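The values are calculated or read from the model by the stated rules, or taken from the named source; none is laboratory data. Keep in mind that this is a model prediction, so the values were computed, not measured. A quick note on method: Cβ atoms are made from the backbone with ideal geometry, for glycine too, and the neighbour counts reach across all protein chains shown.
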Amino acid sequence: MTDLGINPLEDTESAAAQAYAEERRENIRTFVRTNPEYYIRMFDKIGASSRFTPTLNILAGLFGPVWFGARGLWNWALPFLIVEALAMVQMARGLFGDLGAEAMERIASIEGTLELRRQQLAAAIENGSDRVDAFQRTVDSLEANIGGIRAEAEAMAAEGPTIALTGLAILVLAKIAQALVANTALEGRFSDWLSDRTVRSGLPITEIIFSAIFMVLIVFAAMMHYSFPGRFSLLSDFPTDPDIRLVSIDGVEAFFNWAVLNGDALFDAITYCIRLVLDALEIVFVSTPWIVIASLIILLTWLTAGVRMAIYSAAFLSYMGLLGFWEKAMTTLALLGTAACLSILIGIPLGMFAARRPRFYSAIQPIMDFMQTMPAFVFMIPVIAFFGTGKPAAVVTTMIFGGTPVVRLTVLGLRGVPESVREAAISFGANKWYLLTKVDLPLAGPSIRAGINQTIMLSLAMVVVASLIGAKGLGEDVLEALQYANVGQGILAGFSILFCAMILDRIVQGGRK
């Protein structure tokens, strides 16, 4: 065989390539189910190039978002649906819509005023009043306004064909774009399906019906609303009853009243714990001589972030001292330190507990999402109801806003510890405590430090907001600057907050070189 010039290795490779190609074709048939030979050619063409290869899919162009939705390509279907809905709305407005409706409403409103002024003018002429000229000028002005608005309405009505043609052009372009990208999008989904057979394939009848009904309802509702504004109140106003809101308000107020009356002991205990930490830090930062605190901060910055950052810290502290912000900056650091310390003392153990308990972490995740996404001015309301105003309430508000990153990043860091390292430690006889302190925490240390840093930074971001409920410090100066438009004071106090943030960031993150 070798003498005849036939290479057995090449035969084997050719057979393997043919087998792979046949398997790929069979997979494509299983995936698309409809018109498989067409998709085999298109997928081969797309896969032959690393660049975008436009191909023409007539069905996708005709049915647009319905085709994409039925194929499960909703990330493509929704943007195309928006574009097509816009095009349909423009076409409907141009062909059937009353483009001058808004202008005619303005004319009707002005005509009511004009009729009143005409009556006043007639009465003034009859009585020989000296205000006849004034009324006449008013009537003339209103009539001129009506004439101008009527001309504007006529001009808008004349633009109907242009608007309709614009909508048609957008629709055609959208159809062409869908026809060109459809096969590429479907080929990408096919690649996902090869690695994960739970990805939906084919064209299920239920998905076609759902996609069609969904798209038609969305486009029809948009066309009716924008083409005939104000005619269908259901499309413009959500159907509701004012009593629903009133009853909800009463229910929330009743709950908070009950919580305040029955939770005095709990809230007093929380306030007492906050006061212990806050008073201790205020003694350290506010009552201690400035030279001692400044020296300690500069030394700590030098030890963690190096000489250059220590020099910057000295400059920042000098800025705050020379401009008279020293005491308020230290008050801010005491308040921030209380919130950050309590958040860290609660957050790190909570993150360590949740890291190996997925169900528990899934349960507290919505609570943390609520804490991070709810606007500060909203959760300040119950905080004031439970704790009143003052520094403890400001600490609680700051903890709610800034306490979640340390939990999330502690969980992230501990879950990121390689299982092979943990298994090696266990195989050498490591107990749970050794595994936690010598393996998990050291390897998760960078992530945990990042969480501590983010908690401190978010807490510092609440300085100005916390001043609204009685917290003292630099936030008070910024708040006064906002109230009295004192630009200079606000900028200088803002830079002090910035410098505090930079010092704390470098102390926590380190970075000495």
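A few points about this structure:
- Residues of segment 292-332 that are over 27 Å from Leu479 (Cα atoms), at pLDDT 85 or above and polar (S, T, N, Q): Ser295, Thr301.
Matching residues to (1) surrounded by 15 or more Cβ atoms within 10 Å (Cβ to Cβ); (2) modelled with pLDDT of 85 or more; (3) not hydroxyl-bearing (Ser, Thr, Tyr):
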| site | (1), (2), (3) |
| --- | --- |
| Ala354 | yes, yes, yes |
| Ile364 | yes, yes, yes |
| Asp369 | no, yes, yes |
| Met374 | no, no, yes |
| Val396 | yes, yes, yes |
| Pro405 | yes, yes, yes |
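- Flag for Thr331 being buried (at least 19 other Cβ atoms within 10 Å of the Cβ), under 12 Å from Ile503 (Cβ atoms) and in contact (Cβ under 8 Å) with a residue 24 or more places away in the chain: no
- Counting only helices (runs of 4 or more DSSP H) that sit wholly inside segment 117-230, those with at least 1 residues that are modelled with pLDDT of 90 or more and either among the small types (Gly, Ala, Ser) or buried (at least 16 other Cβ atoms within 10 Å of the Cβ) (or both) are 160-195.
- Residue within segment 71-89 that is surrounded by fewer than 20 Cβ atoms within 10 Å (Cβ to Cβ), over 30 Å from Glu187 (Cα atoms), out of contact with any strand residue (DSSP E or B) (no Cβ under 7 Å at 6 or more places or on another chain) and not small (Gly, Ala, Ser) present: no
Condition check ((1) assigned to a helix (DSSP H, G or I); (2) closer than 25 Å to Ile491 by Cα) across all residues:
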site	(1), (2)
Thr271	yes, no
Asp279	yes, no
Val286	yes, yes
Ala310	yes, yes
Ser313	yes, yes
Gly324	no, yes
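- Given (1) surrounded by fewer than 17 Cβ atoms within 10 Å (Cβ to Cβ); (2) of a type in the set (S, T, N, Q); (3) closer than 21 Å to Gln372 by Cα, index of the condition Thr437 fails: (3)
- Neighbours by Cβ (under 8 Å, 6+ apart or cross-chain): first from segment 233-250, touching a residue at least 12 places away in the same chain (Cβ under 8 Å) and at negative phi; second in a helix (DSSP H, G or I) and not small (Gly, Ala, Ser): Leu235/Met224; Leu235/His225
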